[in-house]
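Read through the structure below, which is laid out as structure tokens, and then see the notes.
Readers should treat all values here as calculations from the given coordinates under stated rules, not as data from a laboratory. The structure presented is a predicted model; accordingly, all values stated were derived computationally and were not measured. Using ideal geometry, Cβ is built from the backbone for each residue, glycine included, and neighbour counts are taken over all protein chains shown.
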Amino acid sequence: MLIIAVNLISCDSIKKATEPEDIGMYAFELLKTLSQTTKSDYVNSFLTIEEIRVLGKNEVVVTDSDTRNELTSMPKEEWVEDIEDDYNELKQDGGENGIKWAEIEYLDFVYEMDNEGGIKVCEGELFFKYKEDSYSVDLAAIFDGTEYKLVELDYLEMQ
């Protein structure tokens, strides 16, 4: 029971990325479970289309009206398809490199903050190690007013 409670508590703390640094660890934990994560669960780990539409109505968090319009009119199918494509690509590239995702080790998360289209964006590179090799993946997250939400995780590259 204690192990289950600790796992639940640690998962809850990973879900909240209140600082830009936190989103790197969130993405790392997502990668560690990639082998057993279904495509649907993977998609649900990102900002949802419903959250995007709510965000698009928030003039305080998204200050640019064109960006708000894009967010509120984004097709769900397009959003989900992009995330699914990245999932497939990460799994394929990981397989080609022989990566056992559960065995990767966190190295670093390097990021930059930007204000794109009137919204706070965190873009960076997550570095991890598998056996003797180092890898990186690109990621992007946006601030929804309370926390950073993952919007992109892609492009596995050996360092």
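Lysine pairs in region 71-159 with Cα distance under 12 Å, only those 8 or more apart or on different chains: how many are there?
On the way: Lys91/Lys100; Lys100/Lys129; Lys100/Lys131; Lys120/Lys149.
Close lysine pairs found across region 71-159: 4.
Panel note: the C-alpha atoms of the chain, placed on their principal axes, show extents of 47, 38, 28 Å (largest first). Within the shell defined by Cβ-Cβ distances under 12 Å, the residues around Glu70 carry a net charge of -2, with Lys and Arg each +1 and Asp and Glu each -1.
Figure legend: label point modelled 7 angstrom from the Cα of Gln36 along Cα→Cβ; no residues of region 75-96 have amide N under 13 Å from it.
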